[in-house]
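Structure first, commentary second.
The values are calculated or read from the model by the stated rules, or taken from the named source; none is laboratory data. On a predicted model such as this, the values are computed, not experimentally measured, just so you know. Don't worry about glycine lacking a Cβ; one is built from the backbone with ideal geometry, like all the others, and counts go over all protein chains shown.
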Amino acid sequence: MNTQGHLHPLSILINDITQVGTSLGFDVVDGPELESEKYNFDMLNIPSWHPARDMWDTFWVKTLAEKGRRVMRTHTSSVQPRYMESHTPPFAVMTPGKVFRYEATDATHEAQFFQLEGFMVGKDISVATMQAFFAQFFSKLFKKEINVRMRPSYFPFVEPGVEVDMSCFKCAGSGCNTCKHTGWIEIMGAGMIHPKVFDACGIDHNEWQGFAFGMGIDRLLMMKYGIDDVRLLYSGDVRVSAQF
Amino acid sequence: MMCVFCIVATYVCQLNFNVLFFMKIYTPILKNFLDAVPDTQTLKKIITDHAFEVEEVTEGLYGDVIDLKVLPDRAHDALSHRGIAREIATHTNATYSDSINDVLVPDTSVASVPVRVESPLCTRYMAVRITGVKITESSTWLKEAFLALGMRSINTLVDLTNYVLIERGQPLHVFDAKKVKGTIVVRMAHVGEKMTTLDDKYLTLDESMLVIADDEAVLALAGVKGGKKAEVDAHTTEVILECASFDSISVRKTAFKTGIRTDASKRFENNYPSAWADEALARYVTLLKCEQLEIIHSAVTDVYTNPRTPFIIDVSIARVNSLLGTSLTQKDVTDILTKLHLAFTLKTDDVCAVMCGDNLFNIREEEDKKYTAYAIIGHIARVLGYEKGIPKKDYIALKEKGLVAHFIHESDRIRNELVARGFVEVRTYHFQNEGVEELENPIANDKKFIRESLFEGLNGCLIGNLLNAPLLGKTTVSIFEIGTIITRNNVEEVHLAITRPADKKAINLKNVLHEVLPNCKIVNEYNEWFIEVYIADHSDLPVADSEPVSLMHSVENVAWQSLSPYPFATRDIAFFVSDEVKQKELRDIIFLWAGALCVRVDMFDEFEKKVEDGNLKLSRAYRLVFQSNEKTLTDEEVNSVMQNVETEIRALGCEVR
């Protein structure tokens, strides 16, 4: 009978991302999942009183007096200040990691999922660099020519912020179910790193500049293979991995 | 109910905070601000490309409704028709003007409203007494607009407060003047002070909450919700119109504490500019006068303690180009600033001094002013448009090849090793019934703790997976998980857990570990069938120092099959293979014969046997797995398929055993 085992599809996609990322000069790291409020929110220009905090439904962890308030990180963006305060630019870094959101689960919502954070900082990294990078990244990941477009958006830790769409990897823009017949797929949030984040990390924002992006990995996986329920990915059911 | 503090649009749910920034635009109202309103599809494209996300467009008889999601940094000035009209003017040839030059003529016979503001959390308090008002049904134009926007029409007095809110963003409130005793005082609530809201919620207040009160009691929870005490009713003939501004953090905290979030509170939370209050007040009075000619009003009381003043920020054109990757000239940049309605002066060839006021800029803290140049560059980028305005470039990497963190290298290396030995990787949940680190707000009672071991998750799925082994073409299933846990000493670690069924023929886990991770630290061991080991720290300090490992797989063309909730059935068939089919892919052929109900065919045995005439005969045995996505299969259904398969095999000249 069959002697070969199977990988979990998330491991495969995260490894694909890692291969593509490192080939484009990005280092791949991760930080803690049980995170302090400081790295998850404060250093990312999301002070406690700011309405923008409502953008994340947060799991709070019972506090140890000496450690301050702690959360299950709501995004891998928390790794950005951790990395930036301990390294000197230029650098390009990706963080595929597990994140948590306090929300009711259904076929398209999970309380835990994977996110890819990335950032690139140098002397002349611009919005144009960011756009060029995304096109390269997705084309390599899907092994075909992918176009990207950007629209204005807002995230407290970038300025300006954008929403990134990629041309549909299934139908190449002609319209299909995956892209809801628009030819485009909303794939990530991104932007130029906010000078306040640089300041918080001790990096001179007049000297250095760069972009950051965040993307849901589970959603990408589900679209790529047509997986119909996100909860299956954490069910421990071998029938999921067995298909890969 | 008689109040703008109630929920205006029905789709704004109080508890889902994500809807904080949703807004419906009724296109006819845009005409109040624009000389020409583009058609709705053009509007949709312009708004999407240059400003905000458009959720939906609904066409109507008298006008269309555009459902959009204002970005949080613009919720102070753009959560209104006025704000959206300004945006449209920026990105089209339409001219924006706020042509409402309403000059109020007070009547000295009407007493003005005495107001005392005792807290700096009220940044402005305007009030005017209006007499001769009537409770009437609203005019057709107003009712049409409300119908289109999904708002409920109540009466003219109340509807106009809601109308001014959606038109301009300023929340207003009307009190029945006869029920207000003495002076209107804006103060902190007393501990334990009581209040009943307009929708009959009974609140006990505390000293952190700002209230509007008269000499007797609380009239309203400032910026959040009106109270019963001075509610407008069928007999109201005189009202006090409140047009005020409150501290955004204070309103936000009170809204959270009381669980009341309204269209008014969301404007105040987002820092609606207090400077615009006088226009809104004048607008209300003028509109009411159009509806009820006979009204007269007092002089306006205006307590305005701390006006926000515009400030000047230098923007370097070289910096704009460096950050965007563009090559804009000075004229390009100043043209865009003009489109954005921003006043500026040229300091040098490279530096524009830009006047930053309430439009576009929502500065909450003094120290944030210094970052405003980036906000201006952001506005320049979206006026340019990301699709057309940003030049295409080639990507140049910082280095030839990146590295990965040690735990990533190790995890992927181990994955390859285990999969090659037949293990199947799974992932299970992070929150469990037992552990050390506890959540303040668990999603369920049995998911209160962060896992300190992979045992609970993996053990929980082992039995179900064993039963499913034939679906994988296996007689037994050995599984593994690599995941993070938190130790009792609050250290985050990456662990590997491997497990296999408790049967004697199964793989020896210790031997596997010895090959894959020699000298590893075993953290958990249950008999012979479950071992958990430490792989690496999941470090606080992100460092990349290892080569990436490529996972061995070939999955590009997976066609995902939904998992059936129904049980499967297996059947085995063994036969001596005839000479002519020896070389054929019998497995695939059987799979075809077995039809749609058969999900898997695996050969599980093959041997050669010497028969009486001295020849060698080849015997093969196959296992067929049947399952439906729609029902539990009966024996008859499966057996009938097996009969067909047998017949076909015989037809090939094989001898079924």
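So is A:Asp199 within 11 Å of chain B (Cβ to nearest Cβ), in contact (Cβ under 8 Å) with a residue 60 or more places away in the chain, among the acidic types (Asp, Glu) and surrounded by fewer than 18 Cβ atoms within 10 Å (Cβ to Cβ) or not?
Answer is no for this residue.
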TODO: Look at the range A:131-167 and say how many of its residues are within 17 Å of B:Tyr395 (Cα to Cα), more than 7 Å from chain B (Cβ to nearest Cβ) and among the small types (Gly, Ala, Ser).
DONE: 2
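When the residues of the range B:358-377 are narrowed to those that are buried (at least 17 other Cβ atoms within 10 Å of the Cβ) and out of contact with any His (no Cβ under 9 Å at 6 or more places or on another chain), which ends up farthest from the other protein chains (Cβ to nearest Cβ)? Talk me through it step by step, then tell me what you get.
First, the residues of the range B:358-377 that are buried (at least 17 other Cβ atoms within 10 Å of the Cβ): B:358-363, B:371-377.
Narrowing further to those that are out of contact with any His (no Cβ under 9 Å at 6 or more places or on another chain): B:363, B:372-373, B:375-377.
On the way: B:Ile363: 12, B:Thr372: 10, B:Ala373: 8, B:Ala375: 6, B:Ile376: 10, B:Ile377: 7 Å.
Within the range B:358-377, the match that is farthest from the other protein chains (Cβ to nearest Cβ) is B:Ile363.
Please state which one of B:Leu61, B:Leu79, B:Leu71 is among the aliphatic types (A, V, I, L, M), within 14 Å of chain A (Cβ to nearest Cβ) and over 20 Å from B:Ala275 (Cα atoms).
Details: B:Leu61 fails: within 14 Å of chain A (Cβ to nearest Cβ); B:Leu79 fails: over 20 Å from B:Ala275 (Cα atoms).
Just a single option satisfies the conditions, and that option is B:Leu71.
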- [ ] Give the range A:21-57 a look and list any residue that's closer than 26 Å to A:Thr129 by Cβ, more than 7 Å from chain B (Cβ to nearest Cβ) and in a loop (DSSP other than H, G, I, E, B), or say none.
- [x] A:Asn45, A:Ile46
Open item on the list: I'm trying to understand the selection: among the residues of the range A:65-105, which are assigned to a loop (DSSP other than H, G, I, E, B) and facing chain B (nearest Cβ under 9 Å)?
Closed with: A:Ser86, A:His87, A:Pro90, A:Tyr102, A:Glu103, A:Ala104, A:Thr105
Open item on the list: Which condition from (1) farther than 26 Å from B:Leu198 by Cα; (2) touching a residue at least 12 places away in the same chain (Cβ under 8 Å); (3) not in a helix (DSSP H, G or I) is the one that B:Leu323 breaks?
Closed with: (3)
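Could you please let me know if B:Arg415 is touching a residue at least 24 places away in the same chain (Cβ under 8 Å) and either assigned to a loop (DSSP other than H, G, I, E, B) or under 30 Å from B:Ile336 (Cβ atoms) (or both)? If you could, list the steps in order and put the result at the bottom.
On the way: touching a residue at least 24 places away in the same chain (Cβ under 8 Å): yes; either assigned to a loop (DSSP other than H, G, I, E, B) or under 30 Å from B:Ile336 (Cβ atoms) (or both): no.
Against the criterion (touching a residue at least 24 places away in the same chain (Cβ under 8 Å) and either assigned to a loop (DSSP other than H, G, I, E, B) or under 30 Å from B:Ile336 (Cβ atoms) (or both)), B:Arg415 does not qualify.
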Task: Residue list for the range B:607-647, restricted to those being modelled with pLDDT under 90 and of a type in the set (Val, Ile, Thr) - done: B:Val611
TODO: Write out, first by first residue and then by second, each pair whose Cβ atoms fall under 7 Å of each other, whose residues are 6+ apart or on separate chains, and whose first residue, in the range A:217-228, is closer than 15 Å to A:Lys180 by Cβ while the second is at pLDDT below 90.
DONE: A:Met223/A:Thr178; A:Gly226/B:Trp560
Task: Selection from the range B:387-412 of residues that are within 7 Å of another protein chain (Cβ to nearest Cβ) and touching a residue at least 60 places away in the same chain (Cβ under 8 Å) - done: B:Glu387, B:Ile390, B:Pro391, B:Lys393, B:Gly402, B:Leu403, B:Val404, B:Ala405, B:Ile408, B:Asp412
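Would you pick out the residues in the range A:114-130 that are facing chain B (nearest Cβ under 8 Å) and buried (at least 24 other Cβ atoms within 10 Å of the Cβ)? Working first, answer last.
Our first condition is that a residue be facing chain B (nearest Cβ under 8 Å); within the range A:114-130, this holds for A:120, A:122, A:124, A:126-129.
If the condition is that a residue be facing chain B (nearest Cβ under 8 Å) and buried (at least 24 other Cβ atoms within 10 Å of the Cβ), then A:Met120, A:Val127 are the ones that fit.
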TODO: Report whether or not B:Phe626 is surrounded by 11 or more Cβ atoms within 10 Å (Cβ to Cβ) and closer than 15 Å to B:Glu648 by Cα.
DONE: no
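Checking the condition within 28 Å of the chain's Cα centre (by Cα) and more than 16 Å from B:Cys122 (Cβ to Cβ), which residue from B:Thr262, B:Thr237 passes?
Numbers: B:Thr237 fails: within 28 Å of the chain's Cα centre (by Cα).
Residue meeting the stated conditions: B:Thr262.
Does at least one position in the range A:168-188 carry a residue that is in contact with an Asp or Glu (Cβ under 6 Å, 6 or more places away or on another chain) and not in a strand (DSSP E or B)? Walk me through it before giving the result.
Taking the range A:168-188 and keeping what is in contact with an Asp or Glu (Cβ under 6 Å, 6 or more places away or on another chain), we get A:184, A:186.
In the following step, the residues that additionally are not in a strand (DSSP E or B) were identified as none.
No, that holds for no residue.
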Open item on the list: Just to check your reading of the model, which residue among B:Val555, B:Val533, B:Val523, B:Val543 is modelled with pLDDT of 90 or more and within 12 Å of chain A (Cβ to nearest Cβ)?
Closed with: B:Val543
Task: Top-ranked residue in the range A:4-20 [being at the interface with chain B (Cβ under 7 Å from one of its Cβ atoms) and among the aliphatic types (A, V, I, L, M); ranked as farthest from A:Leu141 (Cα to Cα)] - done: A:Leu7
TODO: Give the residues of the range A:115-139 that are part of a helix (DSSP H, G or I) and not aliphatic (A, V, I, L, M), sorted by residue number.
DONE: A:Thr129, A:Gln131, A:Phe133, A:Phe134, A:Gln136, A:Phe137, A:Phe138, A:Ser139
Open item on the list: I'm checking my understanding of the structure. Among residues of the range B:459-505 that are at the interface with chain A (Cβ under 7 Å from one of its Cβ atoms) and in contact with a Phe, Trp or Tyr (Cβ under 7 Å, 6 or more places away or on another chain), which one is surrounded by the most Cβ atoms within 10 Å (Cβ to Cβ)?
Closed with: B:Ile479
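Quick check, is B:Lys134 assigned to a helix (DSSP H, G or I) and among the basic types (Lys, Arg)? Spell out the reasoning first.
Numbers: assigned to a helix (DSSP H, G or I): no; among the basic types (Lys, Arg): yes.
For B:Lys134, the condition - assigned to a helix (DSSP H, G or I) and among the basic types (Lys, Arg) - is not met.
Test B:Ile380 against the stated conditions and say whether it is in contact with a helix residue (DSSP H, G or I) (Cβ under 9 Å, 6 or more places away or on another chain), β-branched (Val, Ile, Thr), crowded, with 19+ Cβ neighbours inside 10 Å and closer than 30 Å to B:Leu323 by Cα. Working first, answer last.
Values: in contact with a helix residue (DSSP H, G or I) (Cβ under 9 Å, 6 or more places away or on another chain): yes; β-branched (Val, Ile, Thr): yes; crowded, with 19+ Cβ neighbours inside 10 Å: yes; closer than 30 Å to B:Leu323 by Cα: yes.
Judged against the criteria, B:Ile380 is a match.
Residue-by-condition table, conditions (1) small (Gly, Ala, Ser); (2) free of Cβ contacts under 8 Å to residues at least 40 places away in the same chain:
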| site | (1), (2) |
| --- | --- |
| A:Trp60 | no, yes |
| A:Thr63 | no, yes |
| A:Gln80 | no, no |
| A:His87 | no, yes |
| A:Thr95 | no, no |
| A:Lys98 | no, no |
| A:Ala104 | yes, yes |
| A:Phe113 | no, no |
| A:Gly118 | yes, no |
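Mind listing just one residue for me: the one in the range B:411-434 that is of a type outside the set (Val, Ile, Thr) and over 34 Å from the mean Cα position of the chain (by Cα) and, of those, surrounded by the most Cβ atoms within 10 Å (Cβ to Cβ)?
In the first step, residues of the range B:411-434 are kept if they are of a type outside the set (Val, Ile, Thr); the result is B:411-413, B:415-418, B:420-423, B:425, B:427, B:429-434.
Imposing the further condition that a residue be over 34 Å from the mean Cα position of the chain (by Cα) reduces the set to B:413, B:416-418, B:420-423.
Working: B:Arg413: 17, B:Asn416: 18, B:Glu417: 16, B:Leu418: 25, B:Ala420: 13, B:Arg421: 18, B:Gly422: 19, B:Phe423: 28.
By that ranking, first place goes to B:Phe423.
Inside the range B:448-467, can you point out the residues that are assigned to a helix (DSSP H, G or I) and touching a His at 6+ places or on another chain (Cβ under 9 Å)? Explain how you work it out, then say what you get.
Here is the first cut: in the range B:448-467, the ones assigned to a helix (DSSP H, G or I) are B:455-467.
Passing the criteria: only B:Gly457.
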